[in-house]
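Accompanying notes for the structure given below.
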Amino acid sequence: MATRKSPRQQQVEAALLYPVDWLDERTGIRAGLQYFLFRNVPRDTNWMQTLGAATLTAFLVQAVTGVILAMYYKPDPNSAYESIKHITNDVTLGWLVRGMHRWGASCFIILMFLHMGRVFLFGAYKYPRELTWIIGVMLLALGMIEGFTGYLLPWDETAYWATVVGINIQANGPFVGPFIGSILKGGAEIGPETLARFYSLHMLAIPGGLMALIGIHLFLVVRLGITSPPWSPVAAGRERDGEEAPTADRVGLVEPTPRGSASQGVEK
Amino acid sequence: MSSLEKNRADHKRYKEDVKREGKPFFPYALFHDSFMQVVVVAVIIGLATIWKWTAEDVGGGTNPGLLGSLYEEKADPGSTSFVPRPDWYYYFLFYLLRIFKWPDSVILGTVGIPTILLMLLLALPFIDRRRERHPLRRPVAMIAGILVIVAMGTLTWKGATAKEAVASESASAVPTWAAKQGFANDPVAMAGATLFAQSGCLTCHVYTGSGGANLGAPELTAEGSKGLGIDWQIKHLECPSCVTPGSPMPAFKALGADNLKKLATFLEASKGAK
């Protein structure tokens, strides 16, 4: 039953869609989103392959709780410790935000390692995903440095001395080692300048780098596609005994599914 | 076919397979991802809650609960209780430094091995260029991976359970040291010994059987037999890396000239246990 829209309805629809069309005309976002959401992934992907999304989630938790903490934290040796106490004891739900940031950091690190282990197990770092792996390793290193810079911020005894030794070790390095050491320290002793520098690195420089690299990482993941588990009998890209064309070996496992009816025969 | 051509053919076939028999990201994969995301957030909230509600507030600090105390004592650059302990994910590096001895090979532990590991990780896709992805048919990669996991796990565990020198226990050992080293009649050296025991020196250094051997710190039992002199010892304590470049030891200038003199006298009086 063909319903013809009244001119009025058409007008309303056009008005509502106008901003979307405006945006799409300039960015192509509609096609981009459509591709992102409805692109196919191998049908045999498994739960281990959600570790990347889990890592991203832990990072987002760090970003959100970090922004809130920065509203109350004071990067100065005289008040840093007290501001942490204030956040924990006085600010509404401050303990939760600080606790999530603190434990989220550990979760982020653990998940990065697990995610890397999964990629290693699947051999997913091989052609053509080498660059995705390299950026992942850079993310791991930056994430560890983010942990190191954040550790000093509460300005407590353990963190202070661990940072003293950490910077000394850094300054040991050949070539640029002493240079980086003195930049981190910002003076002869670890003090207000060091704390300000760690704060700035922890809040601006490193998170900025992490976000940029995560963006490239995700772009590459979407562009190159995710691998099938290598032991899967129906792995995408598996070698066939016969010729390239899909043959009888697939019959009975799953029907060749045209786009749009992919739910048939899909287990997961 | 060259291996690059084979790789390209593999990926082409992969793309075709995914297009023909794959499932759309939305809703299938996205559902799994979203479920996992909820789990991650829930775990983080759970940890934060357990941390807060099992640690009890006592006066200035807190008693540790299941997940440790809410805060340590405030940092004091002039403090003498020196216990450097990084966050847990640095324990493996922290403990690695015990294996190397100052001054010959400690640079290997501080800079060498971590840099080499990072380079190997970055270069992995270019080292392992075989097309094979199945774990059981990549024995070298799997064994190397397992060895790395076991090594890092062991080092992390050892770092987590490493014994720390307790200042009060160390101080009670001072008379024993004096008897062994024969400086009991020197009040300056005795004062230095007590200071040495209380200032956390034993967190890293070993002295007549006490102490930690952390961060590649040298044993000091026979420090006085090296003939370096009290002035050198004071200079070194004021700024270790100025005297021995590359030393990770913190500066102890904050202790004051008087205390440094005592410490230096004590070190010079330590000619080796008898």
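The values are calculated or read from the model by the stated rules, or taken from the named source; none is laboratory data. All values reported here derive from a predicted model rather than from experimental measurement. As a convention, Cβ positions derive from the backbone with ideal geometry for all residues, glycine included, and neighbour counts pool all protein chains shown. Remember, those area values only see protein heavy atoms, side chains included, never the ligands or the DNA or RNA. Shrake-Rupley method; radii C 1.70, N 1.55, O 1.52, S 1.80 Å.
Below is a table of values for the structure above.
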| quantity | calculated |
| --- | --- |
| Gain in span if fully extended, B:Val43 to B:Ala160, counting 0.36 nm per residue against the direct Cα distance | 39.9 nm |
| Unit charges on C-beta of K, R, D, E only; dipole of the stretch B:1-76, Debye | 820 |
| Trypsin sites (Lys or Arg not before Pro) within the stretch A:4-72, DSSP loop, no more than 11 other Cβ atoms inside 10 Å | A:Arg4, A:Lys5 |
| Student exercise, the stretch B:167-269 dipole from Lys, Arg, Asp, Glu Cβ charges, in Debye to nearest 20 | 60 |
| Nearest 10 degrees, 0 to 90: helix A:51-72 Cα axis against chain A principal axis | 40 |
| Peptide A:134-145 - average C-beta neighbours from other chains (10 Å radius) | 3 |
| Residue-averaged 222 nm ellipticity for chain A, from DSSP H runs of 4+ at -39500 (n - 2.57), nearest 500 | -21000 deg cm²/dmol |
| Separation of alpha-carbon centers, the stretch A:167-187 and the stretch A:9-77, rounded to whole Å | 39 |
| The protein assembly as shown, accessible area per residue, ligands and nucleic acids excluded (1.4 Å, Å²) | 52 |
| Cα centre as origin, Lys/Arg/Asp/Glu Cβ charges: the protein assembly as shown dipole, Debye | 1620 |
| Whole-number D in µm²/s for the stretch B:11-71 (Stokes-Einstein; Kirkwood sum over Cα pairs; 37 °C, 0.692 mPa s) | 217 |
| Proximal charge balance of A:Ala105 [Cβ under 9 Å; K/R count +1, D/E count -1] | -1 |
| Using a Förster distance of 60 Å, the FRET efficiency for B:Lys15-A:Lys74 (Cβ separation, nearest 0.05) | 0.65 |
| Leading residue at positive end of dipole, the protein assembly as shown (Cβ point charges), from B:Ala160, A:Tyr151, A:Cys107 | A:Cys107 |
| Average beta-carbon neighbours from other chains, 10 Å sphere, peptide A:106-112 | 3 |
| Candidates per chymotrypsin sites (Phe, Trp or Tyr not before Pro) in the stretch B:205-254, loop by DSSP, up to 11 other Cβ within 10 Å | none |
| Sparse-neighbourhood loop sites, GluC sites (Glu not before Pro) in the stretch A:165-243 - DSSP loop, at most 10 other Cβ within 10 angstrom | A:Glu243 |
| Cβ crowding within 10 Å averaged over residues, with A:194-207, B:218-231 ranked highest first | A:194-207, B:218-231 |
| Helical segments meeting 15 Å axial Cα length and Kyte-Doolittle 1.0 threshold in chain B (DSSP H) | B:30-54, B:113-127, B:139-161, B:187-198 |
| Cα-based Rg of chain A normalised by 2.2 N^0.38 Å, two decimals | 1.38 |
| Separation of the A:Glu130 and B:Ala123 label points, Cα + 7 Å toward Cβ, nm | 1.3 |
| Placed amide H near B:Arg85: partners under 5 Å, 5+ positions off or other chain | A:Ala162 |
| Within a Gaussian network of chain A (alpha carbon springs, distance under 10 Å), most fluctuating of A:Gly143, A:Gly181, A:Gly94 | A:Gly181 |
| Between 0 and 90°, nearest 10: helix A:94-122 axis offset from chain A longest Cα axis | 50 |
| Helix-only [θ]222 nm of chain B, DSSP H runs n ≥ 4, -39500 (n - 2.57) each, per residue, nearest 500 | -16500 deg cm²/dmol |
| Entries of A:Lys5/B:Lys23; A:Lys85/A:Lys185; A:Lys85/B:Lys261; A:Lys126/A:Lys185 with Cα pairs more than 31 Å apart | A:Lys5/B:Lys23; A:Lys85/B:Lys261; A:Lys126/A:Lys185 |
| Derived scalar couplings ³J(HN,Hα) [the stretch A:5-22; Karplus, 6.51 cos²θ - 1.76 cosθ + 1.60; whole Hz; x for Gly, Pro] | 6, 5, x, 4, 4, 4, 4, 4, 4, 4, 5, 5, 7, 3, x, 5, 4, 4 |
| Test item: B:66-76 mean partner chain Cβ contacts at 10 Å | 6 |
| For B:Asn214, distant residues with modelled amide H under 5 Å away | B:Cys204, B:His205 |
| Interchain or long-range residues, amide H under 5 Å from A:Asp156's placed H | B:Ala75 |
| Taking only Cα atoms of chain B, radius of gyration then Dmax in Å | 27.0, 89 |
| Potential extension, A:Glu82-A:Ile29 segment - 0.36 nm per residue separation minus Cα distance | 14.4 nm |
